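Presented below is the structure to which this report refers.
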Amino acid sequence: MNSLADLLGRRNPQRGGIFFRFVFLVCFLCLLFACYVVRRPLLRLIGGFWIVDDSPSHADAIVMLGDDNFTSDRAARAAQLYKAGWAPQVVASGRYLRPYASIAELEEHDLEDRGVPRAAIVRFANRAENTREETAAIAQLISRREWKRILLVTSSYHTRRSRYLAERQFPPGTTLRVLSAPDADYDPQSWWRTRAGLKIFSHECVAMIVALWDMRHKEAQTTD
């Protein structure tokens, strides 16, 4: 004789499927609610992912990447490191705006304003259109100068991608430290609240994917 459960199963073969779908829906809603409750800590964690800030060590040069912001936060950080005695020279890297003018000149001016003597500044104008091309150009400068230890300074949100590219393009064996310059437009604790913060975060997501693709066949060749 068939059991009662078997008889009920024959009469309603979809009962088990409906039950499991209901359980899945409840679990999914609970997950959404949990994400909503912890959304701010989660967003802060995601926002901070882009930031790398190594401890400085004595180096041959401080290299400041181009396209500093309006308040010259990168220049301020580079000048701070120079005045603390971490390196004897600061490279002001910047792309050409015209055949006769470059961002490097503006950065040189910003560094002087913050106490770095002109004799200690290496103005490095280049034709790089993105961070990958800029780190490749800087790699050639490092080779020519025979520098072995570099402090790389850039905006906080730009540090992780810059390190990834520099590690794969700077001369093999170069000791690399990446230092973060706080940026007025990007606060990792509240980046999602401002248009500028959202724009910067979105740009870094896309740019990092492009960098991973461009460097997919290259391994890191610098040291910490």
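Of note:
- Taken along the Cα-to-beta-carbon direction at a fixed 7 Å, the label points for ALA101 and LEU198 span 3.4 nm.
- With the cut-off at under 18 Å, measuring from each backbone N in region 42-77 to a point 7 Å along the Cα-to-Cβ line of ALA184 picks out 67-77.
- Here the gap between TRP213 and HIS109, fully extended at 0.36 nm per residue and compared with their Cα-Cα distance, gives a gain of 33.9 nm.
- Going from the residue with the fewest nearby Cβ atoms within 10 Å to the one with the most, ARG74, ARG177, ARG95, ARG40 rank ARG40, ARG95, ARG177, ARG74.
- The lysines whose alpha-carbon is closer than 27 Å to the alpha-carbon of LYS148, local same-chain residues fewer than 8 away aside, are LYS83, LYS218.
- Here PHE49, PHE70, PHE124 are placed in order of increasing Cβ neighbour count within 10 Å, fewest first, which gives PHE70, PHE49, PHE124.
- If the chain linking HIS58 and THR71 were pulled fully straight, counting 0.36 nm for each residue of separation and taking away their Cα-Cα distance, it would gain 2.0 nm.
Bear in mind these aren't lab numbers, they're just calculated from the coordinates by the rules spelled out. These numbers were taken from a predicted model, which means no experiment stands behind them. In this analysis, Cβ positions are derived from the backbone assuming ideal geometry, glycine residues included, and neighbour counts consider all displayed protein chains.
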